[in-house]
Amino acid sequence: QKEVEQDPGPLSVPEGAIVSLNCTYSNSAFQYFMWYRQYSRKGPELLMYTYSSGNKEDGRFTAQVDKSSKYISLFIRDSQPSDSATYLCAMSASGNQFYFGTGTSLTVIP
Amino acid sequence: DVKVTQSSRYLVKRTGEKVFLECVQDMDHENMFWYRQDPGLGLRLIYFSYDVKMKEKGDIPEGYSVSREKKERFSLILESASTNQTSMYLCATVGGLTGVYGYTFGSGTRLTVV
């Protein structure tokens with residue numbers, strides 16, 4: 001079983017839709033949770049960071065962590081064509097080494 | 001902001017060549033990582049280093065080696081390039097108090113072995 005599971009998609013939504021991206025994990029020691037956005041032919045860039053359980057909001061983006069279910073989510077409200085990218089979840093127990101999902105490819109259609 | 005610089009964006013090498021991929025960071029981060037990224041397989045850890053002259057194997061070290069002679073530089077070496085090493089290679093760093101904020105990645109090197 002992989003440490004982190006993520007649906008690869010692809011996901012295609014119309015502009016303005018709410019997008020939900022999800023990951024599950026198996027290691028209960030994970031306490032640092034990240035979402036990265038990766039545009040084509042670029043390196044991943046950090047989008048959201050959450051420590052332990054709970055929600056975090058930043059503009060149109062909301063990250064949720066449910067440690068009891070070992071499940072994390074990223075919500076994008078009012079999605080824009082510029083949100084079209086691959087989204088990677090990542091998590092860590094120590095903050096020194098992270099485990100990644102395979103990424104979900106998102107296309108927002110104007 | 002931490003900057004992680006990978007020396008080449010695109011490389012084309014021949015089978016059997018020795019290939020060097022360079023990564024340089026401009027902060028005093030202890031931890032540096034090399035990943036390869038392939039469609040459907042995600043990011044796979046090749047090697048990592050927690051300090052100068054220290055290295056640890058990741059999940060797929062076969063066919064690769066690394067060098068870390070200075071804290072800011074972490075090199076990935078393909079001893080004898082093969083076509084199955086065609087991939088996107090990503091360097092990442094994390095360190096100190098910023099570790100809780102995750103990795104900073106370089107822009108990646110897209111390597112094609114022909």
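The values are calculated or read from the model by the stated rules, or taken from the named source; none is laboratory data. All values derive from a computational prediction rather than experimental measurement. All Cβ positions, glycine included, derive from the backbone under ideal geometry; neighbour counts span all protein chains shown.
Summed over region B:26-38, the residues that are at the interface with another protein chain (Cβ under 9 Å from one of its Cβ atoms) and more than 14 Å from the chain's Cα centre (by Cα) give a count of 1. Filtering A:Leu106, A:Leu88 for residues that are closer than 24 Å to A:Ser40 by Cβ, more than 10 Å from chain B (Cβ to nearest Cβ) and touching a residue at least 24 places away in the same chain (Cβ under 8 Å) leaves a single hit, A:Leu106. Quick check: is even one residue across region A:36-48 assigned to a strand (DSSP E or B), touching a Cys at 6+ places or on another chain (Cβ under 9 Å) and within 22 Å of B:Gln37 (Cα to Cα)? Yes, there is a match, as at least one residue in region A:36-48 is assigned to a strand (DSSP E or B), touching a Cys at 6+ places or on another chain (Cβ under 9 Å) and within 22 Å of B:Gln37 (Cα to Cα). For A:Ile72, state whether it is of a type in the set (Val, Ile, Thr), within 14 Å of chain B (Cβ to nearest Cβ) and farther than 30 Å from B:Asp51 by Cα. It is true that A:Ile72 is of a type in the set (Val, Ile, Thr), within 14 Å of chain B (Cβ to nearest Cβ) and farther than 30 Å from B:Asp51 by Cα. Can you find a residue in region A:32-40 that is surrounded by fewer than 17 Cβ atoms within 10 Å (Cβ to Cβ) and more than 10 Å from chain B (Cβ to nearest Cβ)? Yes, some residue in region A:32-40 is surrounded by fewer than 17 Cβ atoms within 10 Å (Cβ to Cβ) and more than 10 Å from chain B (Cβ to nearest Cβ). Counting only residues that are assigned to a loop (DSSP other than H, G, I, E, B) and more than 9 Å from chain B (Cβ to nearest Cβ), region A:8-31 holds 12 of them.
Does B:Tyr64 qualify as being away from chain A (no Cβ under 11 Å), crowded, with 21+ Cβ neighbours inside 10 Å and in contact with a Phe, Trp or Tyr (Cβ under 9 Å, 6 or more places away or on another chain)? When the stated conditions are applied, B:Tyr64 does not pass them.
The listed residues are B:Gly95, B:Gly58, B:Gly102, and the only one of them that is touching an Asp or Glu at 6+ places or on another chain (Cβ under 6 Å), surrounded by 13 or more Cβ atoms within 10 Å (Cβ to Cβ) and more than 21 Å from B:Thr15 (Cβ to Cβ) turns out to be B:Gly95.
Among the residues that make up region A:93-101, is at least one of them within 14 Å of chain B (Cβ to nearest Cβ) and part of a strand (DSSP E or B)? Yes, region A:93-101 contains at least one residue that is within 14 Å of chain B (Cβ to nearest Cβ) and part of a strand (DSSP E or B). Of all the numbered requirements in (1) over 14 Å from the mean Cα position of the chain (by Cα); (2) on the phi > 0 side of the Ramachandran plot; (3) away from every other protein chain (no Cβ under 14 Å), A:Ser52 misses one, and that requirement is (3). Just one of the listed residues (A:Glu15, A:Glu3) is modelled with pLDDT of 95 or more, of a type outside the set (A, V, I, L, M) and surrounded by fewer than 15 Cβ atoms within 10 Å (Cβ to Cβ), namely A:Glu15. B:Arg73 passes every criterion in (1) more than 12 Å from the chain's Cα centre (by Cα); (2) surrounded by fewer than 18 Cβ atoms within 10 Å (Cβ to Cβ) apart from (1). The one condition from (1) farther than 27 Å from B:Asn31 by Cα; (2) exposed (fewer than 15 other Cβ atoms within 10 Å of the Cβ); (3) in contact with a strand residue (DSSP E or B) (Cβ under 6 Å, 6 or more places away or on another chain) that A:Arg77 does not meet is (3).
Looking at the structure I just gave you, is A:Asn55 surrounded by 15 or more Cβ atoms within 10 Å (Cβ to Cβ) and part of a strand (DSSP E or B)? For A:Asn55, the condition - surrounded by 15 or more Cβ atoms within 10 Å (Cβ to Cβ) and part of a strand (DSSP E or B) - is not met.
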